[in-house]
Amino acid sequence: MFVFDAIAALPVWAIYSLAAWAAGVWLLRHLAPSYLEGRVSNPGLALALGLGSFGALWSLLALVPDGMQPFSVWAVLIVSLLLGANPLYAYLKTFSFRAMLPQQKAVRWLALPLVALLLIAPLLTWYPLGTDANSFYFAQAKLVAYTRQFVPLPGYEGFAQIPLPAEFTYTALMLIGNEFAARLINATELWACVLLMASIAQACRLSNTGIWLSVLILLGSTSVTLLVTDGKTDLYGGMLGLAAVYAFISAPSLAGRQVALMGVLSGFAVLAKLSFLPVLVPMLATLLVWKAIAGSTLKAALPVVFRAGSAIAVLVILCCIPLILKNWLAYGEPFAPFLFLSAAHDDGLLGQDWFSADATRWILLTYPLVWLFGQYPMQHGVISPLLLAGLPALLMVRWKQLDWRNDAALVLAVAGLLGLLVWAVLYPSVIAPRYIFPALLAFVPLAARGIEMTWQSLEGSRIAYSSYAALLLAFAILPLTYHKTEAKYALRWIERGPFRSYVDYIWQGLQVAEGVVPEGSRMLLVGWERSPLQPATLNCLITEKEIGGAAILSEHKKPEDVWRDIYLAGGRVMLVNVAGRKDFADKIDVNRKPDWLDVGAGKINEFYTFYTLTPKKGAPEPVWKCAPSKRDVWEPTLNEMTKNG
Amino acid sequence: MVAVSGLTIFNTILKGEDMRTSYAKWLAVFWLALILALHLVLTPGPFSKSLKTTEQGVEIHELLNSAFSRPDVY
C-alpha cells in the first residue's frame, strides 16, 4: 500500500516541478527575456525562479485563514502551466541537450557517475529524516498542511519566526500529494543547483570540461548532497543563492528589468536562508560594482551602482513582506527575527555561537581548510577539497597578462572571499557550509579552471595525464559510494510507508506515547523529534514554556508542582528523550506527585521513557484540553468547566 | 614535503615555466592524490569506516581529524 503512496507521489512531484519551471520561464520572459536567449544550461534559473515564486506565494497564502488548501495549490500550478506552456515549449524547441554533454572522452567518464547520482536523487530523498528536519522543518510543514494556515510549531514558536518558504513548499506538496511527494522536491532543487552551477561556470567562460569539473566539485561537496537525504530545507536556499549570483554575474546590463530580476532573486535567497544576508551583501555589491565599471570608469559607474543597488534593496525589502506579515500576525513582532518590540519574543536566533572560545580559535586558525576537511558537530558535510586542487594551479597564471575586468571567475572568487571574511568576523564559530553556500561555491569556477589548466598541461605525459584523470574519476565516483547505502535504505523504507520514514527508535518512542494519550488530552514532549506524530497531537503538544520553561529545572520548583502543571495544562502523557534531556529526566520523580494523581512510567527504548498521568478522586479539572475548533482542527482549548468555575 | 612543494611551485613560477616543461606535473598528480587520501580518511563513509576497524587506522584518523576539527568541544 505504501508503495502506491510512493508511486502516487511521483506524478504530483513532476507536475509541481514542471509548473515551477513553466512559471519561471514565463516570469523570465516578462522580467528579463535576455536570460532565455543563447544559454544552454539556464533551465536552472527558470526552475529556481519558479520554485522561489511558489515559495513566496505559499508564504502569503499561509497567512490567510484556510488559505493553504489543495484547491489553492492546484489552482496556482494549473495557472502556471497554462501561462508558461507556450514559452516553455518555445524554449524547449531551441534547447540543445547535446550542447550540455561532455565533449572530451575523458570527461564523459567523469560525467557518468555524476549523472547516475542525479538520477538516483529522487530515491535518496526518501531516506529517513535527519534530526533537524524531524524536529522542526518537516514537522512545521506537516502542521501547516493540517491547520491549512500558519501556526507556529509547539515547542519551536521562537524558531518559527524565520521565513518559511521551503517549509511551505513541503506543505503544498503534502496537500496535493503526500509526504513522499514533499521530500521529492529536494531532488528538483539539487538538479536546479547543478544547472545553476553549470550556468555560472559558463558565464565565467569556462569550457565544456570546466563546466563539468564545476559540477564535479558541487556534487563532491557532501554539504550539498547530504541535504538531499535528510529532509532539511537548505538546498532550497542554496539553489536561490546560486540563482542570485548567476543573475548578477550574467546580467547583460544594469537596465531596469535585469535589476528587477537581480533584486527578486536576492530577496528570495535571503528569505530562504537568513544567514546568506551577511555574505550576499558584500558578494553581490562586488559583482554589481564589477558589472558597472565594465567598459566604464569608476566615477561614471558610481551613480549606476547607487541606482541599481537602491532598486535591489527595495525589492529585497518587498520580498520580505510575507515575513513581516507572518511575524506581525503570529507574534505581534513585524521585524522579527531582526528587531523585537518585546524582548520576550527574542529567542536570540541571530546571535548564534556554537562552540567554546578555544574551539572557535582553532576554527579560525584552520580557515579555509576547515570548510573542506572539518568534521564539527552540526557542520553537516564539507565543500569538495577539489577546490584545493584547482586554486594553487592558478599560481601558474601570468598575472600581468590577466584581464581581470573580463574575468568573471576571478571576480566571483574575490566576491566569495569577501563574503567568507565577513562571515569569519561575524560568526566565527558557526562552521556549517550550508549557512554560506554562495560564498563557498563562488570559488568553484576558478578552481575548476585551475584543475582544467593543470590537466591540460599534463597532456605531454601520458602517465601523468592518465593518473590525474583516474584521481578525478575517483572523486566523481565517491559521492555515489557515499550515498549507495542510503539509496538501499530508502528503498526499504518505502515499503514501510511515509509515516515510517523515520529513524526506528524515534518512530517507536513517539508511536507508543501517542497511542496512550486519551482523546481530548494533550502530551508533553521533552525532546526534539516530533514529525512522526499525528498532526492533531502535534498541534496540541504542551510546550515546556507553557509549564514554566527554564523554571521547571530550578531547585525551587518541586517535582509535585511539575506534575500538577503538566496535568492542569491538559497533559495525560509525558514523553522524555532521556538520552538528550538528562536535565529534565533527573528532575522528575514519580514518587513525588500530588495525592490526587497517579503517575506511571514505562521505558520504551534506550532513548525514550513515557509517563502517564491518571487523575484520582478529588483531582481538579484540567485548565486546558485538546478539542476540535469550528474549522475541525484539533487545538489547545480552554476547558469550559474551569472557565465557568 | 611542504618545502619541496613550495620550492617546486616557486621554481616553476620564477622560471616562467608551465607544466609541460617542468617536473611540477608530478607535483600536481601527487597533490591531487594527497587531497583524495585526506578526503577519504576524514569524510564519514565506507572508507573511513573500514580504516577505523584497526587500532592503527583509528590513530591515523584521530591524528588527521584533530588537525582540522575539535569535534568533542562545544
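Figures for the structure shown
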{"item": "Förster radius 56 Å - calculated FRET efficiency between A:D403 and A:A601 (Cβ-Cβ, nearest 0.05)", "result": "0.15"}
{"item": "Förster radius 45 Å - calculated FRET efficiency between A:L329 and A:A357, Cβ distance, rounded to 0.05", "result": "0.70"}
{"item": "Extension reserve of the A:K484-A:K105 stretch, reckoned as 0.36 nm per residue once the Cα distance is removed", "result": "133.9 nm"}
{"item": "A:K558 paired with A:Y367, simple spin-label distance in nm, labels 7 Å along Cα-to-beta-carbon", "result": "5.4 nm"}
{"item": "Reachable lysines from A:K291, criterion Cα separation under 20 angstrom, eight or more residues apart if same chain", "result": "A:K299"}
{"item": "Contact order relative to length of the range A:281-389, as percent, for alpha carbon pairs under 8 angstrom and 6 or more apart", "result": "10 percent"}
{"item": "Efficiency of FRET between A:A285 and A:L318 - r from beta-carbon atoms, R0 22 angstrom, step 0.05", "result": "0.70"}
{"item": "Within-13-Å neighbourhood charge of A:N208 [Cβ basis; K, R +1; D, E -1]", "result": "+4"}
{"item": "Straight-distance crosslink candidates among lysines, where the alpha carbon sits under 27 Å from A:K232 and sequence neighbours closer than 8 are dropped", "result": "A:K142, A:K273, A:K326, A:K484, A:K488, A:K545, A:K582, B:K49"}
{"item": "Computed lengthening from A:E157 to A:T94, 0.36 nm per intervening residue step minus Cα-Cα distance", "result": "17.9 nm"}
{"item": "Restricting the range A:57-149 to chymotrypsin sites (Phe, Trp or Tyr not before Pro) in coil, as DSSP defines it, with at most 11 other Cβ within 10 Å", "result": "A:F97"}
{"item": "Local electrostatic count, A:R307, Cβ distance below 15 Å [Lys/Arg +1, Asp/Glu -1]", "result": "+3"}
{"item": "The protein assembly as shown - Cys residues lacking any other Cys C-beta under 4.7 Å", "result": "A:C193, A:C204, A:C319, A:C320"}
{"item": "Length released on extending from A:D586 to A:F71, taking residue separation times 0.36 nm less the Cα-Cα span", "result": "180.5 nm"}
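Here, each number is a calculation from the coordinates, and none is a lab measurement. Quick caveat: nothing in here was measured; it's all calculated off a predicted structure. No Cβ is skipped: glycine too gets one built from the backbone with ideal geometry, and neighbour counts run over all protein chains shown.
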